[in-house]
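A.B. asks: Here it is, the structure, as structure tokens.
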Amino acid sequence: MQPHGRRHYLVTGASSGIGLSIVRFLAGLSHQVTATGQRASSDLPSDFPDIVYQRLDLSGPVEPLIDLASSADRIIMAAGTGFYRQLEREDQTALAQTMAVNFSSVFRLLHGLYPSLARQSGRVALLGSVAAKGAAGMPVYSAGKGALAGLARSLGSEWADRITVRHYRLWPTRTPMHGRAGYDARKIDWLLMDPDRVARFVVRNLETRGPASLSISPLTLVGRQ
């Protein structure tokens, strides 16, 4: 049993970007955190919090993570990958990995963690993207985020009496993903959101009453610390 007010969070994509900001924030609040990411433990930032961390490729089996976080009552799916390129330039390996990380790993993890979530009236945050509406130059990424939005709507209705599911449609955020995806984010740096502010908003909003799906833009974060 967790002490009053202390939660057990599972956070994916925790080795960089928004996921890293989230685990730092949660650790600062003294929550129990189980996290996973693509980077080896030896490659994590020197200030990475003292939490349970497992390197895991979410395009592969997720059973080890389900076992590790079987008691989690808060889930934040922050992992994401993709490439800025047209469909005809995409290769099958990258296509499969993008869809697996951005979509199929989410429902596989939620399927495995459902018993604990339902028993504890858990809460789930799914980090999506405004690209879910479709974006030229990134069709595979957009398709995965669009599928995630559909899953969020379905589970939000299906689990309404047991588990809270929140879907956040994120405006572009200042993370390393842009560089890995082959896009020079310096062109749009002036409009990118700060990952630390996004992290704080998501963690706090997840505990409130509100809409099942919410856009997070720079205007959303104005005045919020």
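The values are calculated or read from the model by the stated rules, or taken from the named source; none is laboratory data. In this text the structure is predicted, and so the values were computed from the model without any measurement. Please note: Cβ atoms are built from the backbone with ideal geometry, for glycine as well, and neighbour counts cover all protein chains shown. When the accessible area is computed, the model is the full protein with side chains, heavy atoms only, and any ligands, DNA or RNA have been set aside. Shrake-Rupley method; radii C 1.70, N 1.55, O 1.52, S 1.80 Å.
A.B. asks: What whole-number value in Å² describes the accessible area per residue of the chain for a 1.4 Å probe? Don't jump to the answer; show the numbers that get you there.
C.D. replies: Numbers: 11010 Å² over 225 residues.
Result: 49 Å² of accessible area for each residue.
A.B. asks: Using a ≥ b ≥ c from the Cα gyration tensor of the stretch 1-83 (square roots of the eigenvalues), is it rounded, prolate or oblate, where a/c under 1.5 gives rounded and otherwise the larger of a/b and b/c decides, a/b for prolate? Mind showing how you got there, number by number?
C.D. replies: On the way: a/c = 1.80, a/b = 1.29, b/c = 1.40.
Judged from the Cα gyration tensor, the stretch 1-83 comes out oblate (a/c at least 1.5, b/c at or above a/b).
A.B. asks: Based on the mean of other Cβ atoms within 10 Å per residue, sort peptides 203-209, 213-219, 166-172 so the most packed one is first.
C.D. replies: Working: 203-209: 13.3, 213-219: 15.0, 166-172: 21.6.
Top to bottom by mean Cβ count within 10 Å: 166-172, 213-219, 203-209.
A.B. asks: Set Lys and Arg Cβ to +1 and Asp and Glu Cβ to -1, take the dipole of the chain about its Cα centre, and tell me which of Q54, I216, F83 lies farthest positive.
C.D. replies: The listed residue farthest towards the positive side: I216.
A.B. asks: Another one. If the elastic network links every pair of Cα atoms under 10 Å, which of R162, R74, R24 fluctuates the most in the Gaussian network model of the chain?
C.D. replies: Maximum among the listed residues: R162.
A.B. asks: On to the next question. What residue among V23, V140, V52 shows peak mean-square fluctuation when the chain is described by a Gaussian network model with Cα springs under 10 Å?
C.D. replies: Checking each option, the largest mean-square fluctuation is seen for V52.
A.B. asks: Would you compute, from DSSP H runs of 4+ residues alone, the mean residue ellipticity of the chain at 222 nm, taking -39500 (n - 2.57) per run and dividing by the full residue count, rounded to the nearest 500? Please report the intermediate quantities before stating the final value.
C.D. replies: On the way: 8 runs with 81 residues, N = 225.
Calculated at 222 nm, the ellipticity per residue is -10500 deg cm²/dmol.
A.B. asks: Please report the net charge: other residues with Cβ closer than 14 Å to the Cβ of G150, K and R +1, D and E -1. Spell out each step's value before the answer.
C.D. replies: Details: positive: K133, K145, R153, R169; negative: E158.
My count for the surroundings of G150 gives +3.
A.B. asks: With point charges of +1 on the Cβ of Lys and Arg and -1 on the Cβ of Asp and Glu, referenced to the Cα centre of the stretch 1-119, which listed residue (L110, S15, L26) lies farthest in the positive direction of the dipole?
C.D. replies: Farthest along the dipole direction, towards plus: L26.
A.B. asks: How large a share of the accessible area of the stretch 6-65, in percent, is made up of carbon and sulfur atoms when the probe is 1.4 Å and the other protein chains stay in place? Don't skip to the answer; put the middle values down first.
C.D. replies: Details: 1150 of 2530 Å².
It is 46 percent, rounded to a whole number.
A.B. asks: With springs only between Cα atoms under 10 Å apart, run a GNM on the chain and tell me which of G19, G150, G82 wobbles the most.
C.D. replies: Evaluated over the chain, the most mobile residue of the options is G150.
A.B. asks: Under the classification rounded if a/c is under 1.5, otherwise prolate if a/b is larger than b/c and oblate if not, where does the stretch 31-164 fall, given a ≥ b ≥ c as square roots of the Cα gyration tensor eigenvalues?
C.D. replies: Working: a/c = 2.10, a/b = 1.24, b/c = 1.70.
Here the stretch 31-164 falls in the oblate category.
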